[in-house]
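Chemist: Here you go, one structure.
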Amino acid sequence: MEQELSTLKQHSSEMERRIEELTVQVTRAEDEKRKAETERVKLEEEKRKAEKERRQMEEEKKNVEEKARRAEEGKRMAEEIQKKADDQKQQAEREKEKLSDEVKRTRKELGETREVKERSEREKRELIEKLEQMKSKVGAGSGSARSYTVVRGDTLSEIAVRLGISMAVLVQRNGIRDPNKIYPGQVL
């Protein structure tokens, strides 16, 4: 029995040693498990960060694409505005040319009208003078010459109207050199 007891003791020692080895292995395994869990948590955190960064990058990409789209739209609008401005400038140039031609034509017509008016005025004055000469000849022949004494404020044109003759005839008959100079008391 002693031998059995000794064998049992030995076996018991081996079992205790084996239990200690297994306990060490379990402790190491638990340490490894904790390390693995810590590593897993770190990886999960890194994964969340990476996912967050990916979402931010996608958002930034969308923002950049939107800005690019707006820039392209702005460029297109600027080109349209420039085209309209160019078209308006060309239209304005055409209008300017038309107006310039119109002004030239109007000036030419105005010049011709002035010439016609001046010629008409000359002819009118000549006819009036001839008429006055004829009146004076008729009046001189009938002895109807009258006289008028100038008073302050009189003008030759007013006197001519009173006498029923033209100013030219009044100046001619009275030998007046300057029609703007007549004097009170002067007899015409």
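Chemist: Select from region 128-152 the residues that are more than 13 Å from ILE165 (Cα to Cα) and modelled with pLDDT of 80 or more and write down the one among them that is surrounded by the fewest Cβ atoms within 10 Å (Cβ to Cβ).
Modeler: ARG152
Chemist: Moving on to the next point. What do you reckon, is GLU79 at pLDDT below 90 and in a helix (DSSP H, G or I)?
Modeler: Values: at pLDDT below 90: no; in a helix (DSSP H, G or I): yes.
Taking the combined requirement at face value, the residue does not satisfy it.
Chemist: Within region 2-25, which residues are surrounded by 10 or more Cβ atoms within 10 Å (Cβ to Cβ) and among the acidic types (Asp, Glu)?
Modeler: Within region 2-25, GLU14, GLU16, GLU20, GLU21 meet the criteria.
Chemist: In the list GLU72, GLU123, GLU109, which residue meets the criterion of being assigned to a helix (DSSP H, G or I), at pLDDT 90 or above and charged (D, E, K, R)?
Modeler: Details: GLU123 fails: at pLDDT 90 or above; GLU109 fails: at pLDDT 90 or above.
Residue meeting the stated conditions: GLU72.
Chemist: Among what's in region 161-186 and is among the β-branched types (Val, Ile, Thr) and surrounded by 15 or more Cβ atoms within 10 Å (Cβ to Cβ), pick the residue that is nearest to GLN133 (Cα to Cα). Walk me through it before giving the result.
Modeler: Start the filter on region 161-186 by keeping residues that are among the β-branched types (Val, Ile, Thr), which leaves 161, 165, 169, 171, 176, 182.
Those left that are additionally surrounded by 15 or more Cβ atoms within 10 Å (Cβ to Cβ): 165, 169, 171, 176, 182.
Details: ILE165: 10, VAL169: 7, VAL171: 12, ILE176: 17, ILE182: 22 Å.
The selected residue is VAL169.
The values are calculated or read from the model by the stated rules, or taken from the named source; none is laboratory data. Every value quoted in this text rests on a predicted model; they were computed, and no experiment measured them. Every residue, glycine among them, receives a Cβ derived from its backbone with ideal geometry; neighbour counts consider all protein chains shown.
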